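These notes concern the structure reproduced below.
The values are calculated or read from the model by the stated rules, or taken from the named source; none is laboratory data. Given the structure is predicted, the values throughout are model-derived calculations rather than measurements. We place every Cβ from the backbone using ideal geometry, glycine too, and count neighbours over all the protein chains shown. Keep in mind that these areas ignore ligands, DNA and RNA; they rest on the heavy atoms of the full protein, side chains included. Shrake-Rupley method; radii C 1.70, N 1.55, O 1.52, S 1.80 Å.
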Amino acid sequence: LNGTAVTSPEANDLEYLTPVTIGNVTFHLDFDTGSADLWVYSDELPTDEQTGHAVYATTDSKLLPGSSWEILYGDGSSAGGDVFADTVVVGGLTATMQAVEAAATLSAEFERDAHSDGLLGLAFSTLNMVKPQKQSTFFDNVKSQLDLPVIATSLKHGAPGTYDFGFIDENKYTGPLTYVDVDSSRGYWTFTADAYAFGDDQISTSLTGIADTGTTLILLPSDTVSRYYANVSGAQDSPLHGGYVFPCDSKLTPFTLVVAGNHSVTVPGELINYAPVGSVSNLCFGGIQAASGLVDINIFGDVFLKSQYVVFDAGSQGGPRLGFANQ
Ligand SMILES: O=C(Cc1ccccc1)Nn1cnc2ccccc21
């Protein structure tokens, strides 16, 4: 059995939300290949923090005795609580004994997110934060039901896309799928590009980073980022806006990763114009920004992933790998 779930972007493609049914309640969760915990808003939160969200009724649920979770994300946001076992359905696929992590505390960033009802982690289960015993991700729990141990993402700019589980949909991409090996030793979908380019300016330095659907932008070393915006007239690193901004009518340089020898994976310049900074100024915020303090790895987030049909292959032919094709 395979499955497909439709995922829909919030404003400015800030995050993509996908319906998930837990018990008999449907939550809209942020599918995140950069973490490995499935957590939801719950009745253990202060009432005001529950308002506007689907809420997990812990009183009707099967507690995992003695288990708890606490997670800190690279952007400084955090959440924590206790753990239940429940039936979780995504795109027609069912995990009967899925660890559902009920949020009892949320940091301000999550309290401000009026739309997401939680997260569904799709990184490797070694990254799961439940103690005393790590729990499996939804993907690990349904893997044995799938034709192939793969998740394929089709995220789009300003339009619904899909998460395919167990199969690769040839109708969703053009040209060949180019595969690159993944190093899952730190629990992420980590891969290395042999080189990269800003437009025609090829830089023959390798670049290692993670394919992360839970991060909005592309986060790179600050010297690399300043080199990119040197090509964009009027661009500046603005402390006021928290990163590089430029006139919205700027023509942005494409960003290319060279993988698997000589295959180019290119993000068109248009996708690197992330969004206007506000309603009155004609400044736009860049889709490539410097990775901040907590993050010691490059992150190929949604701005990167939107240009590609990406196959997160957990081992259909040996080790884990990522496949890229234009969409
Ligand atoms: O934490 C990060 C990386 C990040 C983003 C922005 C600035 C610095 C570092 N992404 N992320 C991946 N999954 C997440 C889930 C929640 C919050 C952030 C999440």
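Considered as a group, the residues in region 243-265 that are under 23 Å from the mean Cα position of the chain (by Cα) and among the polar types (S, T, N, Q) include one that is nearest to residue 306 (Cα to Cα), and that residue is 256.
Every condition in (1) small (Gly, Ala, Ser); (2) within 26 Å of residue 93 (Cβ to Cβ); (3) open to solvent by 10 Å² or more (accessible area, probe 1.4 Å); (4) in a strand (DSSP E or B) holds for residue 175 except the one numbered (2).
Among 164, 194, which is the only one that is of a type in the set (D, E, K, R) and open to solvent by 40 Å² or more (accessible area, probe 1.4 Å)? Reasoning before the result, please.
On the way: 164 fails: open to solvent by 40 Å² or more (accessible area, probe 1.4 Å).
When all the criteria are applied, what remains is 194.
Can you find, within region 32-50, the residue that is farthest from the chain's Cα centre (by Cα) among those that are open to solvent by less than 60 Å² (accessible area, probe 1.4 Å) and of a type in the set (Val, Ile, Thr)? This residue is 40.
The number of residues in region 130-174 that are among the small types (Gly, Ala, Ser) and within 25 Å of residue 317 (Cα to Cα) comes to 5. Screening region 223-327 for strands (runs of 3 or more DSSP E) wholly inside it with 1 or more residues that are out of contact with any Gly (no Cβ under 6 Å at 6 or more places or on another chain), without any contact (Cβ under 8 Å) to a residue 40 or more places away in the chain and away from the ligand (no atom under 15 Å from the Cβ) returns the ranges 236-238, 273-276, 283-286. If only residues of region 51-80 that are within 16 Å of the ligand (Cβ to nearest atom) and open to solvent by 20 Å² or more (accessible area, probe 1.4 Å) are counted, the one that is nearest to residue 21 (Cα to Cα) is 53.
Could you say which residue among 289, 308, 327, 317 is of a type in the set (S, T, N, Q), open to solvent by less than 30 Å² (accessible area, probe 1.4 Å) and over 14 Å from the mean Cα position of the chain (by Cα)?
Values: 308 fails: over 14 Å from the mean Cα position of the chain (by Cα); 327 fails: open to solvent by less than 30 Å² (accessible area, probe 1.4 Å); 317 fails: open to solvent by less than 30 Å² (accessible area, probe 1.4 Å).
Exactly one of 289, 308, 327, 317 is of a type in the set (S, T, N, Q), open to solvent by less than 30 Å² (accessible area, probe 1.4 Å) and over 14 Å from the mean Cα position of the chain (by Cα), namely 289.
State whether the residues of region 109-123 include one that is away from the ligand (no atom under 16 Å from the Cβ), surrounded by fewer than 17 Cβ atoms within 10 Å (Cβ to Cβ) and in contact (Cβ under 8 Å) with a residue 60 or more places away in the chain. No - not one qualifying residue is present in region 109-123.
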